[in-house]
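Okay, so here's the structure we're looking at.
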Amino acid sequence: MSSEAIAQTAPAQPALALRLIVAAVIVALLIALPFIGKALGLESFTGLATQVLIYAIAAMSLNLILGYGGMVSFGHAAFFGVGGYAAGILYFHFADKSDFLGFIPGSNALLIALPVAMLVSGIMAAIIGAFSLRTGGVQFIMITLAFAQMLFFLFVSLQTYGGDDGLIMRRRQILPYLDTRDGTTFYYIALAMLAAWFVLTFCIVRSRFGFVLNGMRQNEARMAAMGYAPYPYKLVAFIIAGMGAGLAGALMANYLRFASPDMLHWTKSGELMMMVILGGAGTLFGPLLGATALVLLESFLTAYTENWQLPLGIILLVIVLFSHGGLSALIRRFMPGKP
Amino acid sequence: MTTPLLDVQGLCKRFGGLTATDTVDLALPEGELHALIGPNGAGKTTLINQLVGSLEHDSGSIRLDGAEIGHLPVWQRVHRGLARTFQITQLLPDFTPLDTVMLAVQARHGHSFRFFGNARNDRKIRDEAMQHLDQIGLGARANARVGDLAQGERKQLELAAALAEKPRLLLLDEPMAGLGSAESQQMIGQLAALKGKITMLIVEHDMEAVFTLADRVSVLVYGKIIARGSVDDIKSNEDVKVAYLGEGDV
Amino acid sequence: MLVLEQILNGIQFGIALFLMSAGLTLIFGIMGVINLTHGSLYMVGAYAAALVAAKTGSALLALVAGLAGAAVAGIVIEALVIRRLYARDHLDQVLATFALILIINQTATMLFGRQPLFVAMPPALSHSVTLLPGLVYPVYRLVVIAVGLVVALGLALPINRTRIGMLVRAGATSREMVRALGVDIRLLYTIIFGLGALLAGLAGAMAAPILAVQVGMGEQILILAFVVVVIGGVGSIRGAFYGALLAGLIDTMLRAFLPGLLRQVMAGSNADALGGGLSSMGVYLLMAIVLLVRPKGLFVRQS
């Protein structure tokens, strides 16, 4: 092989060592964050950071289909909300000492709520994906949006579970040996979940499945001509993404002790997409970066003005119109190792 | 008499009022290199698209080795041994040529619902993909970005990816289009080397290439096969001359 | 008679949906742009009409204001944002217009407050007529239906008979073809977008006396209009028309009769809530069924 070919083995990637260092710094920072917050006397800091982590899981799951798979799903909040309601409804029946549909008992164990939330969201994603993926392009965007709206109306109409007002959980669900009511502990629970989802995404993206998925994004006709059926691969990715959002939703419901139709509102889907794009679609750390940016920006703006959506909209519009590849592309531009 | 590898009978396709494919019969015995020529708009790519399944035909039958494949989707026909290259290259711009060909090889190695392990580090697949790239003369560019490849290299990559599917029948849609004369010669050489090993149907405007390579030639005009025969037959066929000369008047 | 009245209500709602989705389907089909602010144009039309109606008391002026407001808003949005998005992918289009919605809605809230505006019916149209013995129906809604049908015809004729209509029909299914014909794309796009804005403004202005005029009204109807486009098929005006009527009828009928049916089997308040929710879902279920049978929509060639 010529030296030129060797130099090109990692196109557009900064040197591996540097990437590892950056990753290590991010991890160290995330672990130390509650202590930094306390040291600075910012009590609300840990809570805000917890929200960032939870949204990062949701954004990361969306990134699998949006960034790697090229499926512009405008209804991802549906799975986030379904996960949240799954946890909330389990708790409701636990507190109410009743059964869901008359035969499924409630639970206040997080170790049950999280898998159940993922399972239910996964099933929902399988159904919605099975329909939506029959089409592509503009239709796919509209259909995912529409189905999310449908679920929104469903939860609004469920009076038993709070309807319009949402479902309040009196306490967080519990874990053995850990006190989930403690803010710092819950932060680390969210961090652990984020880490787990990150590792899973990392594995999927470089696996055979991820390889095929990435190809689908670039050219479906080519993939079909090489013998790959697009539908099943895209559907499986859609289901995995739905499960990730469900996990995030269950965590968020526990964090806020509240599940509401707002979790499934179409603007929430828009925000999740925004996080992915802000951070950089199709990158591993992008969603975390994007979630951080958007949550901080929102909380910063709301502190200053009641009309925070106006500056937020303007900032987002400018970023979408004038940046290509989001924050991680911006960072990469300042990193050495770019060819 | 043995069954031909590809046996197309009475294939028809209409778009609204336009007949794109008009009762086409085509039989390719195993090992033949068959050229399909015709003026622009004759429906050559439309025919290829129906053979591979990216376009549904209205009526007629398509048999591969005696088995009807006309109802199968594209990817299943690929698994039956049907590969194609695209006239306007259809590639994966963010990948490298090695990635591309590895994907083609991977497709033959069972399903890809495997979520762990690094696909790019699979030695067996990697080595086989490298072989195909080297065979086609693209080995030195294995790790370039496909989006940065020159037109000629893209055409080569199309061929490498198709060969990696280990097809029994290869459909080549204008493999020389957009190539310089040196590149064309190289492509002709590569196809000549494959001749006899793989059955090929080649759509091409480059008559020199067609006359050099083809065992037999079919001439398609307005969706109808108007002549078929050896290279010499076609060269001397009056109808063909009219069809091609007439092209200038339209 | 109640059923007949609800059928008329359904048609009237369907007409509003048609005015929205006709523009959307052309903009998707021909320009390849997904524009979430189409609902904002509807809202602008409604607000402009409501404000002018309150000031002048003239329904005609209100209608003109609604059309003009939506057209101006449309021109500004097209020139400032949408024009930059033609060459971008759908994702950027969604996000940019999503950001625009945040801006427009917040601005509207700042200008007009969170309280919905209510507009009086134009006096000349505020009475009801007896259509059949026992069926008394508001004239205004009949007028809305009539206007919608006239617009539908007005769209159908030029689209089916004229050269530009031919381009529109061709362009809706094959954008490359229109380009290949050497048409001034810029002009065609402006015409299409302007037409869409006018239709949205018309829908908004006509809805003002029937609905509460408030921030967020645009997105509600936008998402339903998306569903209509999916049902009818992208690029098909005919599909938008029948899809809108179908969706309008189903939505209205379910809303009118489902809670009553549910009340037979459960407590009143629960039945109303569940009935309301399920009837909101009806249109989406219709979409799911259409997708199952004809993934590209009812009025687009499948292949």
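The values are calculated or read from the model by the stated rules, or taken from the named source; none is laboratory data. As the structure is a prediction and not an experimental result, all values here were calculated from the model. Cβ sites come from the backbone with ideal geometry, for glycine too, and all protein chains shown count toward neighbours. These accessible areas exclude ligands, DNA and RNA; they are computed on the full protein's heavy atoms, side chains included. Shrake-Rupley method; radii C 1.70, N 1.55, O 1.52, S 1.80 Å.
With both residues required to sit in the stretch B:6-249, DSSP beta bridges show an antiparallel share near 50%. For the Cα trace of the stretch C:1-117, dividing Rg by the Kirkwood Rh returns an Rg/Rh value of 1.03. Taking both sides together, the accessible area buried where A meets B is about 3400 Å² for a 1.4 Å probe. Normalised by 2.2 N^0.38 Å, where N counts its residues, the alpha-carbon radius of gyration of the protein assembly as shown equals 1.04. Taking the centroid of alpha carbons for each part, the stretch A:97-159 and the stretch A:186-252 are 18 Å apart. Each label was represented as a point 7 Å from its Cα along the Cα-to-Cβ direction; for residue B:68 and residue A:112 these points are 5.5 nm apart.
Using a probe of 1.4 Å on the protein chains alone, the accessible area found for residue C:64 is around 80 Å².
Just C:13, C:257, C:193 to compare: in a GNM of chain C, with alpha carbon springs under 10 Å, which one fluctuates most? Residue with maximal mean-square fluctuation among C:13, C:257, C:193: C:257.
Here the spin labels are modelled as points 7 Å beyond Cα on the Cα-Cβ line, and at residue A:16 and residue B:226 they lie 6.1 nm apart. Given a 1.4 Å probe and the protein chains as shown, residue A:45 ends up with an accessible area of around 60 Å². Stretched out straight at 0.36 nm per residue, the stretch from residue A:39 to residue A:24 would grow longer than its current Cα-Cα span by 3.2 nm. If the chain linking residue A:235 and residue A:203 were pulled fully straight, counting 0.36 nm for each residue of separation and taking away their Cα-Cα distance, it would gain 9.7 nm.
The angle between the Cα long axis of helix A:77-96 and the main principal axis of chain A comes to about 30°, on a 0 to 90 degree scale. On the beta carbon distance between residue B:131 and residue C:55, with R0 = 60 Å, the FRET formula returns roughly 0.15. Remark on the stretch A:230-253: accessible area falls by at least 20 square angstrom from chain-alone to full-complex state for A:233, A:236, probe 1.4 angstrom.
Note on residue A:97: no lysines have a C-alpha under 26 Å away, same-chain residues under 8 apart excluded. Using the empirical formula 2.2 N^0.38 Å as the baseline, the Cα radius of gyration of chain B reaches a ratio of 1.03. Using the Cβ-Cβ distance between residue C:110 and residue B:114 with R0 = 51 Å, the FRET efficiency computed as 1/(1 + (r/R0)^6) comes to roughly 0.40. Once the mean of 1/r is taken over each pair of separate Cα atoms and inverted, chain A shows a Kirkwood hydrodynamic radius of 20.8 Å. Give B:44/B:224; B:13/B:224; A:234/B:44 a once-over and call out the pairs whose C-alpha atoms are over 20 Å from each other. Violating the 20 Å Cα-Cα cut-off are A:234/B:44. Average accessible surface for the protein assembly as shown: 41 Å² per residue, computed with a 1.4 Å probe over protein heavy atoms with every protein chain in place. Going by accessible surface with a 1.4 Å probe and the largest first, B:21, A:267, B:2 read B:2, A:267, B:21.
In the stretch C:32-46, burial by the other protein chains removes 30 Å² or more of accessible area from C:34, compared with the chain on its own (1.4 Å probe, ligands and nucleic acids ignored).
Share of carbon and sulfur in the accessible area of the protein assembly as shown stands at 63%, probe radius 1.4 Å.
Angle check, please: helix C:59-80 long axis (alpha carbons) against the longest principal axis of chain C (alpha carbons), in degrees 0 to 90, nearest 10. It is inclined by approximately 40 degrees.
FRET efficiency for residue C:80 and residue A:134, Cβ-Cβ distance as r, R0 = 35 Å, nearest 0.05?
0.50
Summed over both chains, the area buried between A and C is near 4100 Å², taken from the accessible surface of protein heavy atoms with a 1.4 Å probe. Take chain B, connect every pair of alpha-carbon atoms lying under 10 Å apart with a spring to form a Gaussian network, then pick out the residue of B:24, B:101, B:203 with the largest mean-square fluctuation. Comparing B:24, B:101, B:203 in a Gaussian network model of chain B, the most mobile one is B:24. The Kirkwood radius of chain C, taken over pairs of alpha-carbon atoms, gives through the Stokes-Einstein law at 4 °C and 1.567 mPa s a diffusion coefficient of 65 µm² s⁻¹. Between B:182, B:144, B:83, the residue with the greatest mean-square fluctuation in the GNM of chain B (Cα pairs under 10 Å linked by springs) is B:182.
Residue separation times 0.36 nm, minus the C-alpha to C-alpha distance between residue A:300 and residue A:257: what's the value? Difference between extended and current length: 13.2 nm.
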